[in-house]
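*Asks:* Got a structure here, written out as structure tokens. Questions coming.
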Amino acid sequence: MAEDQNKGQGDQTIPENYENLLDDYSHFAPPAADEVLQGTVLSITAKDVIIDFGYKSEGIVPIEQFQTPTGELTVSVGDVVDVMIEHGEPPEGYVLLSHTRAARLRIWDHLEKAHNEQLIISGRVLGRVKGGLAVDVGIRAFMPGSQADPRPVHNLDLLVGQDIPVKIIKLNRRRGNVVVSRKSAVEEEINVRKSATLEHLVEGSVVTGTVKNLTEYGAFVDLGGIDGLLHVTDMSYGRIGHPSEMLHVGDEITVKVLKFERTKERVSLGIKQLEPDPWETVAERYPMNGRVIGRVVNVTDYGAFVELEPGVEGLIHISEMTWSRRMKHPSKVVKAGDQVEAVILEVHPKERRISLGLKQLEPNPWTTIDSRYSVGSVVEGRVRNMTDFGAFIEIEEGIDGLVHVSDLSWTKRVKHPSEILKKGQIVQAVILNIDSSSHRLSLGIKQLQPDAWESFFQSHQVGDVAHGKVCRLASFGAFVELAEGVEGLCHFSEVPGYTGRRGGDEAPLHVGQEMDFKIIKMSEAEKKIGLSLRAVSDDEEKSRLGDYQRQAAAATSTIEEVMSLKDRNQG
């Protein structure tokens, strides 16, 4: 029985001893030199990191292998790390280990898996090298410049220092060469995101995107693998000169899908459409003849645009800025940035147009002109403008009158107002006519002086003899200046001795001759005076004959008186 008991006790101790032996043996069987082991950090000294890697002796790794280039420690007690047996003379009681070699082997395994399975991994761009960039993917890899982005990159330095997604496109473990591509990784990400975006993208939907690029005409927004165009006119109901006034690259914005062409993958976006259109209720908020205050945002040749609120602008036409007609450019009245008050003249919501007026803030001077001026009164003003048909004279702000060329002088034949007037000259004139409804005022300058014709007709009549000077000749007669601005016609038939034969008599009168003419015809309505030299000669002959007859009669009378006296004396 004792043997059996001992035998049973022996049977019970065999497994325990066997396990202890196996455990002890494992301490004596060192791992292979190229085997990657996992160990636990036991302690950290100033120079080394002590690691328990499951061997009878603890391992030791130089602390430099767990430090960053700046000297920061990357492990702490209790961390599990990869190590390998390192060749070399270890400190007594320790096994020399290498964390760097183990990490490198792990990295290569990871890179081979990523290459074989075409996985996307992360890398940090270290700097520029010939033909591309150096990228840290655990080891130093090369990325050609053509693989930096799906679109051409003109400045590769912009990627230096960035963490980027890459795919391994070439790997040679034996030579230690790795070539990576950001382009492939980005394209894959874009395709994945695009597929997800296209599934949910519909017109009218509200989506979130990131501003990718700005141009003069708008902004491109990344919606997730597909870009949409946000035109500058769809950014705000207000005036925007350039998209940069509202957006910046990298901004995350909410937009509305206005149009989506799925086959061409074209997306039109809008921001202002997220808010109500202010023009829908503009007629209620801006009633006719109401007064408003706004800011001048633009001045053109034909008027000024005034912002009444964001998205709502009105136009003050140049003709509505002042009652005066002489304003040449709106900039003489308003400038961009000015705060102005105006009157609402017209509102057209459908055409998105509001007409404003400045001059309506002041009373229209034409409405009271009839009570302030009368026909025949003399006024004074400045010559503002001249045309071929007359001159415009401003007699007060907003009131211009026209002096027609025919009303400049009684005596001169005026072809252009500049012969009498100068621009800017202060002159007096007589009001000839007032048409307040048409805003027209007729003036005259010659009416300031009496009409020379009228004066002549009042002081002369048919049969009078007037002294005159031949001023010009015609084929039928001579025009004679009788007074300043007054001419009469002496037909050649009224010149003594003129027969009118062709090629015979020369013109009986010459320009510059001065002589007396008899008035034989007068027409005040037509301003025509007929003259005769022949009548003057006839009168002179009659006068001489009368004188002769009177002298003869006197002589006869004297003779008769003498004979009568003689007879009386003889008797």
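*Asks:* Are any residues in segment 64-82 aliphatic (A, V, I, L, M) and crowded, with 16+ Cβ neighbours inside 10 Å, and if so, which ones?
*Replies:* Within segment 64-82, the first condition is being aliphatic (A, V, I, L, M), and the residues that meet it are 73, 75, 77, 80-81.
VAL75, VAL81, listed by residue number.
*Asks:* Hey, another quick one. Condition test on ARG291, is it of a type in the set (Lys, Arg), loosely packed, with under 14 Cβ neighbours inside 10 Å and outside the structural domain of ARG384 (by TED's automatic domain parsing)? Talk me through it step by step, then tell me what you get.
*Replies:* On the way: of a type in the set (Lys, Arg): yes; loosely packed, with under 14 Cβ neighbours inside 10 Å: yes; outside the structural domain of ARG384 (by TED's automatic domain parsing): yes.
Yes, satisfied.
*Asks:* In the list GLY209, GLY228, GLY238, GLY218, which residue meets the criterion of being buried (at least 19 other Cβ atoms within 10 Å of the Cβ), of a type in the set (Gly, Ala, Ser), within 30 Å of GLY314 (Cα to Cα) and not assigned by TED's automatic domain parsing to the domain that holds VAL137?
*Replies:* Details: GLY209 fails: within 30 Å of GLY314 (Cα to Cα); GLY228 fails: within 30 Å of GLY314 (Cα to Cα); GLY238 fails: buried (at least 19 other Cβ atoms within 10 Å of the Cβ).
It is GLY218.
*Asks:* Sticking with this one: Is it fair to say ALA134 is in the same structural domain as GLU64 (by TED's automatic domain parsing), touching a strand residue (DSSP E or B) at 6+ places or on another chain (Cβ under 9 Å), of a type outside the set (Lys, Arg) and buried (at least 16 other Cβ atoms within 10 Å of the Cβ)? So that I can check it myself, show each step before the final result.
*Replies:* Details: in the same structural domain as GLU64 (by TED's automatic domain parsing): no; touching a strand residue (DSSP E or B) at 6+ places or on another chain (Cβ under 9 Å): yes; of a type outside the set (Lys, Arg): yes; buried (at least 16 other Cβ atoms within 10 Å of the Cβ): yes.
So ALA134 fails the test.
Yes/no matrix, rows are residues, columns are (1) of a type in the set (D, E, K, R); (2) closer than 18 Å to ASP227 by Cβ; (3) in a helix (DSSP H, G or I):
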position	(1), (2), (3)
VAL257	no, yes, no
PHE260	no, yes, no
LYS264	yes, yes, no
GLU284	yes, no, yes
ASN289	no, no, no
ILE293	no, no, no
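*Asks:* Hey, ILE399 hits all of (1) hydrophobic (A, V, I, L, M, F, W, C); (2) buried (at least 16 other Cβ atoms within 10 Å of the Cβ); (3) modelled with pLDDT under 90; (4) over 30 Å from LEU361 (Cβ atoms) but one; which does it fall short on?
*Replies:* Result: ILE399 fails condition (4) only.
*Asks:* Hey, can you tell me all the residues within segment 192-202 that are part of a loop (DSSP other than H, G, I, E, B) and surrounded by 12 or more Cβ atoms within 10 Å (Cβ to Cβ)?
*Replies:* Initially, segment 192-202 is screened for residues part of a loop (DSSP other than H, G, I, E, B), giving 201-202.
Answer for segment 192-202, where residues must be part of a loop (DSSP other than H, G, I, E, B) and surrounded by 12 or more Cβ atoms within 10 Å (Cβ to Cβ): just LEU201.
*Asks:* I need a count of the residues in segment 525-548 that are of a type in the set (Asp, Glu), surrounded by 13 or more Cβ atoms within 10 Å (Cβ to Cβ) and either under 21 Å from PHE456 (Cα atoms) or at pLDDT 90 or above (or both).
*Replies:* We begin by selecting, within segment 525-548, every residue of a type in the set (Asp, Glu); these are 526, 538-541, 547.
Filter once more, so that each one left must be surrounded by 13 or more Cβ atoms within 10 Å (Cβ to Cβ): 538-539.
Checking which are either under 21 Å from PHE456 (Cα atoms) or at pLDDT 90 or above (or both) leaves us with none.
Result for segment 525-548: 0.
*Asks:* Here is a further query. Identify all residues within segment 171-191 that are surrounded by 13 or more Cβ atoms within 10 Å (Cβ to Cβ) and assigned to a helix (DSSP H, G or I); write none if there are none.
*Replies:* Once the filter is applied, which keeps residues that are surrounded by 13 or more Cβ atoms within 10 Å (Cβ to Cβ) and assigned to a helix (DSSP H, G or I), segment 171-191 yields ARG182, LYS183, SER184, ALA185, VAL186, GLU187, GLU188, GLU189, ILE190.
*Asks:* Given the options GLU313, GLU309, GLU320, name the one that is under 30 Å from SER205 (Cβ atoms), outside the structural domain of GLY224 (by TED's automatic domain parsing) and either among the hydroxyl-bearing types (Ser, Thr, Tyr) or touching a strand residue (DSSP E or B) at 6+ places or on another chain (Cβ under 9 Å) (or both). Step through it out loud before you land on a result.
*Replies:* Details: GLU313 fails: under 30 Å from SER205 (Cβ atoms); GLU320 fails: under 30 Å from SER205 (Cβ atoms).
Within the list GLU313, GLU309, GLU320, the selection yields GLU309.
*Asks:* Name the pairs whose Cβ atoms lie under 9 Å apart, with the first residue in segment 262-281 and without any contact (Cβ under 8 Å) to a residue 12 or more places away in the chain, the second assigned to a loop (DSSP other than H, G, I, E, B), and 6 or more positions between them or separate chains?
*Replies:* Here the result reads THR281/PRO349, each pair linking segment 262-281 to a residue that is assigned to a loop (DSSP other than H, G, I, E, B).
*Asks:* Could you say whether any residue in segment 228-236 is over 30 Å from PHE142 (Cβ atoms), modelled with pLDDT of 85 or more, of a type outside the set (Lys, Arg) and in a loop (DSSP other than H, G, I, E, B)? Talk me through it step by step, then tell me what you get.
*Replies:* Step one: filter segment 228-236 for residues over 30 Å from PHE142 (Cβ atoms), giving 228-236.
After this cut, where a residue has to be modelled with pLDDT of 85 or more as well, the list is 228-236.
Narrowing the set further to residues that are of a type outside the set (Lys, Arg) leaves 228-236.
Then keep just the ones that are in a loop (DSSP other than H, G, I, E, B); that gives 235-236.
Yes, some residue in segment 228-236 is over 30 Å from PHE142 (Cβ atoms), modelled with pLDDT of 85 or more, of a type outside the set (Lys, Arg) and in a loop (DSSP other than H, G, I, E, B).
*Asks:* Which condition from (1) farther than 19 Å from VAL343 by Cβ; (2) surrounded by 18 or more Cβ atoms within 10 Å (Cβ to Cβ) is the one that ASN298 breaks?
*Replies:* Of everything listed in (1) farther than 19 Å from VAL343 by Cβ; (2) surrounded by 18 or more Cβ atoms within 10 Å (Cβ to Cβ), ASN298 misses just condition (2).
Here is a yes/no grid of residues against (1) within 25 Å of the chain's Cα centre (by Cα); (2) of a type in the set (A, V, I, L, M, F, W, C):
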residue: MET235; (1), (2): yes, yes
residue: ILE240; (1), (2): yes, yes
residue: GLY250; (1), (2): no, no
residue: ILE253; (1), (2): no, yes
residue: GLU265; (1), (2): no, no
residue: GLN273; (1), (2): yes, no
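*Asks:* Considering VAL129, VAL125, which residue is crowded, with 18+ Cβ neighbours inside 10 Å, at pLDDT 90 or above and of a type outside the set (D, E, K, R)? Walk me through how you get there before you give the answer.
*Replies:* On the way: VAL129 fails: crowded, with 18+ Cβ neighbours inside 10 Å.
Answer to the check: VAL125.
*Asks:* Can you name the number of the only condition in (1) in the same structural domain as GLY497 (by TED's automatic domain parsing); (2) buried (at least 18 other Cβ atoms within 10 Å of the Cβ); (3) in contact (Cβ under 8 Å) with a residue 24 or more places away in the chain that VAL427 fails?
*Replies:* With (1) in the same structural domain as GLY497 (by TED's automatic domain parsing); (2) buried (at least 18 other Cβ atoms within 10 Å of the Cβ); (3) in contact (Cβ under 8 Å) with a residue 24 or more places away in the chain applied to VAL427, the lone miss is (1).
*Asks:* Output the number of the condition that LEU158 fails; it satisfies all remaining conditions of (1) modelled with pLDDT under 90; (2) within 30 Å of VAL41 (Cβ to Cβ).
*Replies:* If we test LEU158 against (1) modelled with pLDDT under 90; (2) within 30 Å of VAL41 (Cβ to Cβ), just (2) comes out false.
*Asks:* For segment 402-427, which residues satisfy the criterion of being of a type in the set (Ser, Thr, Tyr) and modelled with pLDDT under 90? First the steps, then the outcome.
*Replies:* Start the filter on segment 402-427 by keeping residues that are of a type in the set (Ser, Thr, Tyr), which leaves 406, 409, 411, 418.
Within segment 402-427, SER406, SER409, THR411 qualify.
The values are calculated or read from the model by the stated rules, or taken from the named source; none is laboratory data. Since this is a predicted model, take the numbers as computed values, not measurements. Here the Cβ is made from the backbone with ideal geometry for all residues, glycine too, and neighbour counts use every protein chain on show.
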